[in-house]
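Heads up, the thing below is written out as structure tokens.
The values are calculated or read from the model by the stated rules, or taken from the named source; none is laboratory data. Remember, it's a predicted structure, so these values are computed and weren't measured experimentally. Positions of Cβ are backbone-derived with ideal geometry, glycine not excepted, and every protein chain shown enters the neighbour counts. To get the accessible areas, we keep the full protein, side chains included, count just its heavy atoms, and leave off ligands, DNA and RNA. Shrake-Rupley method; radii C 1.70, N 1.55, O 1.52, S 1.80 Å.
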Protein chains: 2
Amino acid sequence: MAGLVARYGDRMRIEGVDHPVSIEEGSTPLIPAPRLADALGTPTTRLFLKFEGLNPTGSFKDRGMTAAITDARAKGARTVICASTGNTAASAAAYAARAGMECLVLVPEGKVALGKLAGAIAYGAKVVTIRGSFDDGLRMVREAPDHAPVTVVNSVNPARMEGQKTGAFEICEELGDAPNWHCLPVGNAGNISAYWQGYCEQHAEGFVTKKPRILGVQAEGAAPIVRGHVVENPETVATAIRIGNPARWKQAEAARDESGGFITMVPDEEILHWYRAVARLEGVFCEPSCAAPLAGIARGVREGWLDLRDQSAVVVLTGHGMKDPDQAVAMPFEQHTIDATMDALLKVMR
Amino acid sequence: MAGLVARYGDRMRIEGVDHPVSIEEGSTPLIPAPRLADALGTPTTRLFLKFEGLNPTGSFKDRGMTAAITDARAKGARTVICASTGNTAASAAAYAARAGMECLVLVPEGKVALGKLAGAIAYGAKVVTIRGSFDDGLRMVREAPDHAPVTVVNSVNPARMEGQKTGAFEICEELGDAPNWHCLPVGNAGNISAYWQGYCEQHAEGFVTKKPRILGVQAEGAAPIVRGHVVENPETVATAIRIGNPARWKQAEAARDESGGFITMVPDEEILHWYRAVARLEGVFCEPSCAAPLAGIARGVREGWLDLRDQSAVVVLTGHGMKDPDQAVAMPFEQHTIDATMDALLKVMR
């Protein structure tokens, strides 16, 4: 299967579509999840998991990065830069490596466990530790192009959105139409904006008969859009959406309002509950943040403001659980220590 | 894209093909790797990486597991069991979860870091720690079906091979024929046997004009087939192929001899060198064991016994690097600590 720029480049406003930088991202599975729908209290929903953890670097960021790095290379860039400690850094480093470009990743000193940077390090990024805050790093990244020939690949780069919207294209192609509902976690709000843009383009092109309603879900400790104000010190176990002042706040609200959808929030306990449930019921291991929309569905169904009966609903699982194995091991699980005898084993098996 | 039993079930000798247990495994990318071919000293080779790390649980094991669990469920199994600390355990746990079956994973006490079991734990496996060795665990697993209604999903289960051979089917379909060379790591020798079987079946069905020559590569510290005798205490950084007495030893030799290929061995330093190189040159982050065939190619080309000029060659990357982030972080990498000023940043960028 070809990569995203090869498949959809004619619908991306970027340069270099004839020479994509690709690691054959996209074409991720859309996994039916009937047992999960049951558990969520809405058994007649045709529920699907768009498992973005099966992109090359393990998250949805690869969709935007193939576009951003293709565009950057076409424009002559030799170096890319980003401030990130997680999925963005790994993705930027991988695509830069593939293109033979240098990648700098800025991180605040003392704030980031090395394991979180394993991906970026493996792909050969240059790790620049700043004696300052994460915001200092982001400021420096934004200013850098004024001083040196370097391309910023944080989500301020508009090419990222051009790639990210392809998630909506794939869902529509696989289902034969748009789903009734599209559910996803909301952090910096780039993904909700990109998906909405993708669905609108599918509709404008006449490829689908409808647009989905959007359900965006934030963590209670990092829910600026729901609360209506910036959150100074956002806190949640769902680190990928631990953001207090989303870059695409207005666009997220537009996606909600234009689609007739909701943006809601859920507590960490419920996120962790559904993080476990999706792995244990459907065999799909995702990052904790991906479970936020599941918790949102459960809450909406329980409280009566969300009716998914007989509807199709897609939940985007943005990253693979393998990226944060410590979280999985920190949850309670069943363990037995036994003598190496068949009797002891049979007892455990009951 | 449908899962493997839906696509190839009519070519699998298993039960239950009409009701597959699938997490939409397979359809993994075949990534062109021209920069890597250059670095390997054979720039005219049409080199491809079959990136099996993008299966749902992050390794090629999912190919065999969808077949094994489909077959087990059709035969009425409610519980599956395996002795494994790594990829097999995670895969078994995921597919058992998806099927609503119980999964027991046997591990020797004190030998296994919890992080290695993160996948299995996340998918809800019951972890049974044995006061004994890994061999005790394997013995108990093999005996268990005589005493209780439980299905063994270690590679002794023949359904595993039926699923695993589909990797060869996909490669042939995507290339339009078999490649000239097929290169892969050899541990327990299940994968080399399954791929050879797959290519032979493709050829027998008339879907391809040729069969590839097979290059299997072991680690020097765990190279029983190359050395011609069992290795009592196998040792290598490539833990996924740290096996001293392969279950499918004879079949691996047959694949080598029938195909006119080689089984060779490489030292850990060279494995680690190519483990880094594939991520840094092509943006593909794999488990260390996956780099063994790359080291084998480099060695064969350098020493003159392997001629890949103008040939097509596929290298199977069996698992994703995210599964073992500690290994990535343990390698040397470029890091700078600077003040939060543009001058300091520009100096790092040169």
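Side notes on the structure shown:
- A:Thr44 meets all of the listed conditions (1) β-branched (Val, Ile, Thr); (2) within 12 Å of another protein chain (Cβ to nearest Cβ); (3) in a loop (DSSP other than H, G, I, E, B) but one, namely (2).
- Every listed requirement among (1) assigned to a strand (DSSP E or B); (2) charged (D, E, K, R); (3) modelled with pLDDT under 95 is met by B:Lys111 save one, (1).
- Qualifying residue in the range A:86-103 (condition: of a type in the set (S, T, N, Q), open to solvent by less than 10 Å² (accessible area, probe 1.4 Å), touching a strand residue (DSSP E or B) at 6+ places or on another chain (Cβ under 7 Å) and under 24 Å from B:His336 (Cα atoms)): yes
- A:Glu282 meets all of the listed conditions (1) at the interface with another protein chain (Cβ under 9 Å from one of its Cβ atoms); (2) over 23 Å from A:Asp38 (Cβ atoms); (3) among the charged types (D, E, K, R) but one, namely (2).
- Only one of the numbered conditions (1) closer than 28 Å to A:Ser91 by Cα; (2) within 14 Å of another protein chain (Cβ to nearest Cβ) is violated by A:Asp339, and that is (1).
- Residue list for the range B:66-82, filter: within 11 Å of chain A (Cβ to nearest Cβ), touching a helix residue (DSSP H, G or I) at 6+ places or on another chain (Cβ under 8 Å) and either under 18 Å from B:Ala189 (Cβ atoms) or open to solvent by 10 Å² or more (accessible area, probe 1.4 Å) (or both): B:Thr79
- Hits in the range B:141-165 - residues which are more than 14 Å from chain A (Cβ to nearest Cβ) and either more than 25 Å from the chain's Cα centre (by Cα) or not small (Gly, Ala, Ser) (or both): B:Asn154, B:Val156, B:Asn157, B:Pro158, B:Arg160, B:Met161, B:Glu162, B:Gln164, B:Lys165
- Residue count, the range A:10-36 (criterion: within 21 Å of the chain's Cα centre (by Cα) and in contact (Cβ under 8 Å) with a residue 24 or more places away in the chain): 14
- Within the range A:307-319, the set of residues being over 15 Å from the mean Cα position of the chain (by Cα) and under 21 Å from A:Lys165 (Cβ atoms) comprises A:Ser312, A:Ala313.
- Among the strands (runs of 3 or more DSSP E) confined to the range A:232-350, the ones with at least 3 residues that are surrounded by 15 or more Cβ atoms within 10 Å (Cβ to Cβ), touching a helix residue (DSSP H, G or I) at 6+ places or on another chain (Cβ under 7 Å) and modelled with pLDDT of 95 or more are located at A:262-266, A:312-317.
- Residues (at the interface with another protein chain (Cβ under 7 Å from one of its Cβ atoms), open to solvent by 10 Å² or more (accessible area, probe 1.4 Å) and within 19 Å of B:Ser155 (Cβ to Cβ)) located in the range B:104-122: B:Gly119
- The set of residues from the range B:267-306 being over 30 Å from A:Ser59 (Cβ atoms) and within 17 Å of the chain's Cα centre (by Cα) comprises just one member, B:Gly296.
- Pairs where the first residue, in the range B:264-282, is among the charged types (D, E, K, R) and the second is at pLDDT below 95 and open to solvent by 40 Å² or more (accessible area, probe 1.4 Å), C-beta under 6 Å, 6+ apart: B:Asp268/B:Val237
- Residues of the range A:13-41 that are under 30 Å from A:Ala118 (Cβ atoms) and more than 10 Å from chain B (Cβ to nearest Cβ): A:Ile14, A:Gly16, A:His19, A:Pro20, A:Leu36.
- Taking the conditions (1) touching a helix residue (DSSP H, G or I) at 6+ places or on another chain (Cβ under 6 Å); (2) within 28 Å of B:Ser312 (Cβ to Cβ) in turn, B:Phe48 satisfies each one other than (1).
- In the range B:124-144, the residue that is modelled with the highest pLDDT out of those that are open to solvent by 10 Å² or more (accessible area, probe 1.4 Å) and part of a loop (DSSP other than H, G, I, E, B) is B:Gly124.
- Enumeration of residues in the range B:285-313 that are within 14 Å of chain A (Cβ to nearest Cβ) and of a type outside the set (Gly, Ala, Ser): B:Phe285, B:Cys286, B:Glu287, B:Pro288, B:Cys290
- Any hit, the range B:124-131, residues being facing another protein chain (nearest Cβ under 10 Å), among the small types (Gly, Ala, Ser) and in contact with a strand residue (DSSP E or B) (Cβ under 8 Å, 6 or more places away or on another chain): yes
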